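To start, the structure itself, in structure tokens.
The values are calculated or read from the model by the stated rules, or taken from the named source; none is laboratory data. What you see is a predicted model, and the numbers here were worked out from it, not measured in a lab. When we count neighbours, we look across all protein chains shown, and the Cβ atoms used for this are built from the backbone with ideal geometry, even at glycine. Note: accessible area is taken over every heavy atom of the protein model, side chains too, but ligands, DNA and RNA are not part of it. Shrake-Rupley method; radii C 1.70, N 1.55, O 1.52, S 1.80 Å.
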Amino acid sequence: MLLGIANFASALSWGLGMLVVTRVAAAACAAAYTPNAGAVAAALAGPQTRARALAVVIGGLTLATALGVPIGHAVSASLSWRASLALVGVMSFVAAAGVFLLMPSVPTGMVVTLRRRLAVLRRPRVLLVLPLTILGMAACYTPYAFTLDVLDALRVPDSALTFMLFAYGAGAFVGNYVSGRGTDRVGPVAILAGTYGLMAVSLGILAWFASEQPAETSLLLAFLMACWGASSWAQSPAQQHRLISSAPEEASLVVALNSSCIYLGMSIGTAIGGQLVGHGAVVPLACGGGLAGLAFTYLLVTTARLQTSLSN
């Protein structure tokens, strides 16, 4: 409900100051919803299907990316950015009605103090796993916040922008689904290793294309955009599964911490991209690919360390 109000306020804003304040309010509302949705999904699902349940929640975000970004771009281009924000407000109210009408009753727990929330960070396994969320999200968001600049550097015509954004979103949806099912079958580490490998390769090839003059590569570019989207959104189900397994009795707390790390990683990636995009879109793409490789390395090193600590 509050998210809808914030978006309508953004659509009606009369100056930059009000727009910034209402966008921060909208972000805070969305940030408050995500961890609660993940915690409820983990509570309603059994241990054997926990990753798939988390993937369903993240699937809502990826489906919003698959459909919302190109639709928002089309509405903004044909009408105005205010109309795009107003549409988000309407959809937020529809979502709120769905929660009230369809959400099963879930027992509420005791009020959790800030000290208890931060106490979870004292657990070595949680402390080792969480930084990967920040690093992985920073990797994919370093170029993502400047997607239109990237597509311009790739010489994508205006008529194909919506198609490329849809390709990214479709890849995100598929990556999230595969991550949820794959994590339940082969474990989160294998899924994350494949995810960061795919991200490093796809961003690296896109950087190379942006630095060259590609021939007719529209379908290949769409495939690479889909790989970028898939690798970006395949992280969350596997990471949340790892964290809940590290502290199963504190599932809601670690999911909330992971959500905070997701937003922190997005902020860091956007800040890095903002500093680099002035040097051309190739640089953020290459930096994102490098960060993905660093995330892959961090995953391998910390996994080995966790296995060593468990065997001792």
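Here are the numbers:
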| quantity | calculated |
| --- | --- |
| Vicinal HN-Hα couplings computed from phi for the stretch 168-181 (Karplus, 6.51 cos²θ - 1.76 cosθ + 1.60; Hz; Gly/Pro x) | 4, x, 4, x, 4, 5, 5, x, 5, 5, 5, 4, x, 5 |
| Heavy-atom accessible area order for W208, W14, W233, W228, largest first, 1.4 Å probe | W14, W208, W233, W228 |
| Residue-normalised accessible area of the stretch 140-242, expressed per residue, 1.4 Å probe, Å² | 40 Å² |
| Probe 1.4 Å - accessible area at L102, Å² to nearest ten | 140 Å² |
| Highest to lowest packing among 236-242, 284-290, scored as the average C-beta count within 10 Å | 236-242, 284-290 |
| Carbon/sulfur fraction of accessible area - the stretch 220-312, other protein chains in place, 1.4 Å, % | 68 percent |
| Protein-only accessible surface order, largest first, of Y144, Y196 at 1.4 Å | Y144, Y196 |
| Whole-percent carbon and sulfur share, accessible surface of the stretch 125-187, 1.4 Å | 66 percent |
